[in-house]
Every structure is written in C-alpha cells, then in structure tokens.
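Below is one structure; the comments refer to it alone.
The values are calculated or read from the model by the stated rules, or taken from the named source; none is laboratory data. Since the model is a prediction, treat every value here as computed from it, not as a measurement. Note that each Cβ is placed from the backbone with ideal geometry, even for glycine, and that neighbours are counted across all protein chains shown.
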C-alpha cells in the first residue's frame, strides 16, 4: 500500500481515538448539520486514516466521521497512509490548521501541548512547532514554559532551530564557589524554618486552573432535564454511569473538606481588603 491511497473503508473498522482529536470539544451542532447534508446526498472530502496492519486510526475528519455514524452510513471514502496511532496523532495536529472548522484558542493551545509532548516534536524548536500547528512561536513558548514549570517536561540542553541546526540553549549562570560547610542542627533548622504562606505557593496553579475551568463550564450547563434530553446520542460520545458516579464521588469528598478551609481563605481576603482600605484612609487624611 502506497502513501495516500484512496479507498472505501467500513466505519466499524475505523477507530476514532480521542488521543488523535486535538480539539478540546466537538461541535455537535456541526455534526448534525453534516449528517443532514449527507442524508441529502452532499459529497464530503474523504477521511484521513492511518493503517498499522491491524487497525485504521482516524487522523482528520472527526466531525464527518460522527455525522456518517449518526445517519447510519456503513462506509466512507478514506485517504489511507501507513502508520500507527502516534502517526495519526501527529498528522491531526497539523491537519486542523488547514480545515474549514475554526479552532478556538483552547484548541490551539491543546494542539501545541500535544505537539511538544509528542515524540516527533519533543526535541523541535518553538518555530518548528508553530509552523506545524499553525500558530505563533510565542504561543508555543508560553505553553512550553507552563509544561516545564509543572514538571511535565524538562528543559532540554539543546533544541533544533528553524533552519534545522541544533543549538545549545543558554544555561543558568554557574553558582559561586562553595564555601566551607557549616554544621547545623538539622532538627532545629527544620523547626525554625518559616513555612511559605499559602498565597505565595504557586505549585498548585494547575489545580486552580482546572477547577476554575470546571466552574466556568458548569455555569453554562442547562438544567439536568434539558442536558439529558439534548445529550448527543449516536454520534460516538457517551458519558457512562460509572464516570458520572466517580465525578460525584470526588466532589462529595472535596466539598466538605473545602467547607472547613474556606473560612481561612475568607479571613485572608478580608484582611487584605481591610489593609487596603486603611491605606487609602491614611492617604486621604
């Protein structure tokens, strides 16, 4: 099989893995629109899939694929390339910059993150990732810094630049010559150490970001009856009862614990506000 063969493949043989879907969220209104167009007989571009000798991995065309399933098509034209799931993931990160479905900023950042972590991109420059994903190199730099800060990736000693030349990155200034070690009472030192105030500890920024995103998404949800009635069934997505129960179990444990600590947070904020008000009052006098 040569690269880029066009063949008709049964939908049941194509694996639409979420790992190869770089978008944060599917547009189900668009899926329904595509399904209606397919029922009317409109022609759509072929799907892009990778064949590893056993499975067909969907790389581009998730909205078309789910629309075809929704209107109960049994097969779809596909451009078939040799490769496995990792090849499909890498292809998808570059394909989405060209198709007609506009990406959100979250989609772009998600694609950049996956490209930086992917074996094909982990040693590449920000310029290379930016050209491949279709964004600015500054966006790639910000995503990479966050990944380094959270320990997801390590800062490499070198990186391949946009011209294909490997260059050593600037390293931190060498430390001063070590002095004669001072003998300390370890237990006394630990006891005397002042813990970092909670408001200055940035190690859990990722947790705050995730919970804030959940809160924003929750605020947009309709009432439960409307959500269940409009939940997309038959387009390849399902929320299992087990998953829903595990989410509820987590929140059921989190809320009472946070309720106990919330007064501490409230007192900290109130103290800050009072200090600002006192400062303004003194300035006015």
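Residue selection: residue 47 satisfies the criterion of being crowded, with 17+ Cβ neighbours inside 10 Å, closer than 19 Å to residue 102 by Cα and modelled with pLDDT of 90 or more. Checked across the range 90-101, the condition of being more than 23 Å from residue 45 (Cα to Cα) and in contact (Cβ under 8 Å) with a residue 12 or more places away in the chain holds for no residue.
For (1) at pLDDT 80 or above; (2) more than 30 Å from residue 66 (Cα to Cα), each residue gets a yes or a no:
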site	(1), (2)
230	no, no
240	no, no
250	yes, yes
254	yes, yes
265	no, yes
268	no, yes
280	no, yes
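The sole residue among 107, 123 that is in contact with a strand residue (DSSP E or B) (Cβ under 8 Å, 6 or more places away or on another chain), surrounded by fewer than 21 Cβ atoms within 10 Å (Cβ to Cβ) and farther than 19 Å from residue 4 by Cβ is 123. Pairs linking a residue in the range 217-244 that is surrounded by fewer than 10 Cβ atoms within 10 Å (Cβ to Cβ) to a residue that is modelled with pLDDT under 80 and in a helix (DSSP H, G or I), with Cβ atoms under 7 Å and 6 or more positions apart or on different chains, are 221/227. Taking the criterion of being surrounded by fewer than 18 Cβ atoms within 10 Å (Cβ to Cβ) and either in contact (Cβ under 8 Å) with a residue 60 or more places away in the chain or out of contact with any strand residue (DSSP E or B) (no Cβ under 6 Å at 6 or more places or on another chain) (or both), the residues of the range 50-70 that qualify are 52, 53, 54.
Can you confirm whether residue 43 is under 30 Å from residue 144 (Cβ atoms) and not assigned by TED's automatic domain parsing to the domain that holds residue 150? Before you say what the answer is, go through the steps one by one.
Numbers: under 30 Å from residue 144 (Cβ atoms): no; not assigned by TED's automatic domain parsing to the domain that holds residue 150: yes.
No; evaluated as a whole, the condition is false for this residue.
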